[in-house]
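The values are calculated or read from the model by the stated rules, or taken from the named source; none is laboratory data. Just so it is clear, the model here is predicted, and its values are computed rather than measured. So basically every Cβ, Gly included, is an ideal-geometry build from the backbone, and we count neighbours across all protein chains shown. Heads up: the accessible areas ignore ligands, DNA and RNA and are worked out on the full protein's heavy atoms, side chains in. Shrake-Rupley method; radii C 1.70, N 1.55, O 1.52, S 1.80 Å.
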Amino acid sequence: MNFNHQELIELTRLGPHAVVGKALTEFTKPFDNTMVVCADSIKLTNLYDFQEQFPDKIVNVGIAEQNMLGIAAGLASEGFNVFAPGYASFLSARSFEMLKSSISYMNLNVKVLGLLSGFANNTMGNTHYCNDDLAITRTIPNLTVISPADGVALYTLIEQLKEFNGPCYIRVTGGIGSQLVYKDDPKLEIGKGKILQEGDKIAIIACGSMVYEASRLCRGLKKYNLSPTLIDLHTIKPLDEELLHNICQNHRLIVTIEEHYVQGGLGSAIAEFRAKLKNAPHQLMLGAKNTYYPGGTYPYMLKVHELTSQNFLEKILQTIQELEL
Amino acid sequence: MLILNQQNLQQIAKSIRLNIIKSGFNCKAPTHYASSLSCVEILTYLYSYLIKPNNTSTANKFILSKGHAALDLYSCLKEFNYISQDELMTYNLNGSHISCQGTYNPKIGIEMSSGSLGMGLSFAIGKALAFIKQHQEDRKIYVLLGNGECNEGMTLEALMFIGAHKLKQICIIVDQNAMQLDGKSSTVLEIKSWQNLFSGFGIKAFECEGHDFNSLNDAFTKAQNTDSPCAIIANTTKGKGVSFMENNNDWHHKLLTQDQYEEAITQLEAQSYEL
């Protein structure tokens, strides 16, 4: 794929969600079956160019996320491939039933993009933070759940989703100042985890914004002569069981890292898989604390919830000591 | 205006009511008799004149938003030969596709999975927008809502959109039997004025008697001749046609005994084209 890498870096600095408008505009053709439905979220999604180029392919329903997903389902039932971007918090928890009954039960072609998930909503506070959307969406049959690591991954994923059949929830984390994990097209395959580094003993499995943090963590662990395997598990549902099987066989400690409550997210999904194994390795589950702390800036919230590479490093070293690995 | 074959319509409505009682009784489980009997004439009219499910490319669509009347929809689909008698008799049995609440199956005209209330109008908006994109502006989508269902907030989100975008493709029908699970809607959550509710959003509303084909014909004709979104408020009786079910909310969801079944069949058989 050809893309202007510098432009993507700049957009990602605004937060990975900023690439959504660009990707949708670039990958849409005048006579294709794409439709975009949003809820007063043209500005949030940076859809101005899209709106100008394809005024008949975008519907703004106002501040009404439930209606938005119902309309998206109706359009999809008539053959459209519908992208539905908006605040993650309101497209998952608030509209859970529409995701379930209107979209997934009827197995319709709607791609719900939950933007500014995790703590990316900065100082907006706990109503806008979204650390439960993986837990919510993971329970819904037919729904594919993806959490891309950065703006490049999200950009290339949107191109893939133009051809992907069936309902998806795409969880977009990362905020202002986000770094890129991928310097080039990562050629992600939906449903297949991506090994970023092969190592031994410890396997670190992360998704979304925490993949970059996990790569910093790996650099930190090097100083302790530890060389872990690092995996970007962008598809949380369906799980790449083949990869996980190999990883569990060849490592003694699995570390899962996510900007999401430990309850119900990536770590839980892997724990559910591990529960089926004989002689499963130990798992250290790292994620947001299940507490409503007062709000603050994105970096502040990550610190409060102990979601930095330094926090992870300390916990891993402690676990290694405790388990005598 | 259409010249109605009253005798034929009443015969169809009678057969649908018999289907409702027979397939409901056959499943040996409690089910939604009263909600289904409430809208038999509405579905009879729609399927006689406006809805042809197997003509999918250009046809009008019917969306049952009040999924509690799924038994009426199946009984109607059987009467118009979209499903067989054998299929109908699998209603509400373990593993049946003809389930308690409608399950998405556009091939036989079940355009939406229903059951959770208040969700049909938004889905219909999506279809209306699709028809506009496909330059099929003249296609209509008839959406049947229950009066109780309109308590759901999502209905208001949808009405706001329909009015703002003047979606003339959408025709709402409210099965206004004035009851819901906990009793009379006037005591649970009263909607003070249906006319004002709709007109406030820029939707034209026509009131009619929902068991009277002439009155229904009059309202549907007005709706078709209107170049704006519209709503038909059809005043109905919950449980219509079976005396012990009429306006008796015990029959919202209940099991028929053998004696009650026989009594219901006797009453319906005795109705000679006059309700």
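I want to confirm something. Restricting to the range A:264-283 and keeping residues that are aliphatic (A, V, I, L, M) and in contact (Cβ under 8 Å) with a residue 24 or more places away in the chain, which single residue is surrounded by the most Cβ atoms within 10 Å (Cβ to Cβ)?
A:Leu266
Quick one: would you say B:Thr58 is touching a residue at least 12 places away in the same chain (Cβ under 8 Å) and open to solvent by 10 Å² or more (accessible area, probe 1.4 Å)?
yes
Free of Cβ contacts under 8 Å to residues at least 40 places away in the same chain, more than 7 Å from chain B (Cβ to nearest Cβ) and not hydrophobic (A, V, I, L, M, F, W, C): does that describe A:Glu78?
Against the criterion (free of Cβ contacts under 8 Å to residues at least 40 places away in the same chain, more than 7 Å from chain B (Cβ to nearest Cβ) and not hydrophobic (A, V, I, L, M, F, W, C)), A:Glu78 does not qualify.
What strands (runs of 3 or more DSSP E) completely inside the range A:179-293 contain at least 1 residues that are in contact with an Asp or Glu (Cβ under 7 Å, 6 or more places away or on another chain)?
Because the criterion is at least 1 residues that are in contact with an Asp or Glu (Cβ under 7 Å, 6 or more places away or on another chain), the strands (runs of 3 or more DSSP E) in the range A:179-293 that meet it are A:194-197, A:201-206, A:229-232, A:251-261, A:282-288.
If you check A:Tyr261 against the conditions, is it among the hydroxyl-bearing types (Ser, Thr, Tyr), touching a residue at least 24 places away in the same chain (Cβ under 8 Å) and surrounded by fewer than 19 Cβ atoms within 10 Å (Cβ to Cβ)?
no
Which residues, taken from the range B:224-235, are modelled with pLDDT of 95 or more and surrounded by fewer than 23 Cβ atoms within 10 Å (Cβ to Cβ)?
Once the filter is applied, which keeps residues that are modelled with pLDDT of 95 or more and surrounded by fewer than 23 Cβ atoms within 10 Å (Cβ to Cβ), the range B:224-235 yields B:Ile233, B:Asn235.
Any residue at all in the range B:153-165 that is within 13 Å of another protein chain (Cβ to nearest Cβ), out of contact with any helix residue (DSSP H, G or I) (no Cβ under 7 Å at 6 or more places or on another chain), farther than 30 Å from A:Pro30 by Cα and open to solvent by 10 Å² or more (accessible area, probe 1.4 Å)?
yes
Looking at the range B:32-48 only, could you name the residues that are within 15 Å of B:Ala13 (Cβ to Cβ) and either at pLDDT below 95 or open to solvent by less than 10 Å² (accessible area, probe 1.4 Å) (or both)?
If the condition is that a residue be within 15 Å of B:Ala13 (Cβ to Cβ) and either at pLDDT below 95 or open to solvent by less than 10 Å² (accessible area, probe 1.4 Å) (or both), then B:Ser36, B:Leu37, B:Ser38, B:Cys39, B:Val40, B:Glu41, B:Ile42, B:Leu43, B:Thr44, B:Tyr45, B:Leu46, B:Tyr47 are the ones that fit.
Name the residue that is most open to solvent (accessible area, probe 1.4 Å), counting only residues in the range A:92-111 that are more than 14 Å from chain B (Cβ to nearest Cβ) and not basic (Lys, Arg).
Residue satisfying both the conditions and the ranking: A:Ala93.
Out of A:Leu24, A:Leu14, which single residue is aliphatic (A, V, I, L, M) and under 18 Å from A:Val59 (Cα atoms)?
Only one candidate qualifies: A:Leu24.
Could you check the range A:25-77 and list, in sequence order, the residues that are touching a Lys or Arg at 6+ places or on another chain (Cβ under 6 Å) and either within 15 Å of A:Ser95 (Cα to Cα) or open to solvent by 10 Å² or more (accessible area, probe 1.4 Å) (or both)?
A:Phe27, A:Glu65
Is there a residue in the range A:173-185 that is within 17 Å of A:Pro85 (Cα to Cα) and in contact with a Ser or Thr (Cβ under 7 Å, 6 or more places away or on another chain)?
yes
Scan the range B:104-129 for residues that are open to solvent by 40 Å² or more (accessible area, probe 1.4 Å) and either facing chain A (nearest Cβ under 9 Å) or in contact with a Leu (Cβ under 9 Å, 6 or more places away or on another chain) (or both) and report the count.
Looking only at that region, the number is 3.
Search the range A:55-99 for residues being assigned to a loop (DSSP other than H, G, I, E, B), in contact with a strand residue (DSSP E or B) (Cβ under 8 Å, 6 or more places away or on another chain) and not small (Gly, Ala, Ser), and hand back the single one that is nearest to A:Ala18 (Cα to Cα).
Once the filter is applied, the top-ranked residue is A:Val61.
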